[in-house]
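**Q** Following this message is one structure expressed as structure tokens.
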Amino acid sequence: MLDKKGFDLWADGYDRSVGLSDEDGTYPFAGYKSILNEIYNRVLAAPGKAVLDIGFGTGTLTAKLYERGYRIFGQDFSEKMIGLAQEKMPDAQLYPGDFSKGLAAPLTEQKYDAIIATYSLHHLTDPQKVDFLNRLLPLLNPGGWIYIGDVAFENRALLEKCRRDAGNEWDEDEIYFVYDELKPFFPEMRFEPMSYCAGLLSLTAVFTHTS
Ligand SMILES: C[S@@+](CC[C@H](N)C(=O)[O-])C[C@H]1O[C@@H](n2cnc3c(N)ncnc32)[C@H](O)[C@@H]1O
């Protein structure tokens, strides 16, 4: 698994290497652009302009929203990635920090219309994912959504098939999303496959109205 330094080193070549894997339709990034486009369109279609991006990398997705006037907040532990993203989004509030230890304090004081995490949360174990998502849900404004785009599978059999097909390319250190194992914790969660190895998970908070 890449650590903070590993991502610093990958930062300059990141957009290119992701683009190549997506164009070739190969694991792990087959479906990458479709996922980012889908999230972009859903955020644009919804009301509200506050977006939190967790593990934003070079800011590929959020920079497009920033250009459309969205208020962008984010957290990433790679200083190099933060530098590249901040150049594209000078007024975005981007904080350093390891999300396996939680969100930077100022980010917990805001509410968001969308919380995005693309190709980042597979660095958390499954129990950590559940815990982290439970901490994110109360940060949504009413009607807001969490969108997770990542290497993800409907069930473990499909993950195992992808692992066999990927052979030596498979990254044993990354812990990919398996929808039917997460759904018991989040019955409202939806999953849409976007390629044979990637999908979009979406989750909204259930708000109760008090009179
Ligand atoms: C594969 S890149 C994805 C970047 C971007 N979201 C995208 O879709 O192109 C993963 C990003 O998550 C960040 N990241 C990984 N683990 C992290 C952690 N534990 N805490 C904070 N950031 C982390 C990395 O620095 C990197 O920028």
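Each reported figure results from applying straightforward, stated rules to the coordinates on display, with no laboratory input. Computed from a predicted model, the values in this text were never measured in an experiment. Virtual Cβ from ideal backbone geometry, glycine too; neighbours counted across all protein chains shown.
**Q** Would you tally the net charge around Leu137, using a Cβ to Cβ cut-off of less than 14 Å, leaving Leu137 out, and scoring K and R as +1, D and E as -1?
**A** Summing Lys/Arg as +1 and Asp/Glu as -1 gives 0.
**Q** Under a point spin-label approximation (7 Å from Cα along Cα-to-Cβ), what is the Phe185-Ala205 distance to one decimal in nm?
**A** So the two model labels end up 1.8 nm from each other.
**Q** To check you understand DSSP bridge types, tell me what percent of the beta bridges within the chain (both residues inside) are antiparallel, rounded to 5.
**A** Roughly 40 percent of the beta bridges in the chain run antiparallel, per DSSP.
**Q** In whole angstrom, how far apart do the alpha carbon centroids of the range 1-21 and the range 159-211 sit?
**A** Spelled out, the Cα-based centre of one part sits 22 Å from the other.
**Q** Please give the length that would be gained between Lys49 and Ser100 if that part of the chain were fully extended, namely 0.36 nm times their separation in residues minus their C-alpha to C-alpha distance (nm, one decimal).
**A** 15.8 nm
**Q** A further question on this structure: Between Glu87 and Asn134, what is the spin-label point distance in nm, taking each point 7 Å from the Cα along the Cα→C-beta axis?
**A** 4.1
**Q** Please sort by residue number the GluC sites (Glu not before Pro) in the range 123-211 whose DSSP state is loop and whose Cβ has at most 11 other Cβ atoms within 10 Å.
**A** Filter output for the range 123-211: Glu172, Glu188.
**Q** Follow-up. What FRET efficiency, computed as 1/(1 + (r/R0)^6) with R0 = 22 Å and r the Cβ-Cβ distance, is obtained for Lys161 and Glu192, rounded to the nearest 0.05?
**A** 0.75
**Q** Additional query: Based on Cα coordinates alone, diagonalise the gyration tensor for the chain, multiply each eigenvalue by 5, take square roots, and list the semi-axes in whole Å, largest first.
**A** Equivalent ellipsoid semi-axes, largest first: 25, 22, 16 Å.
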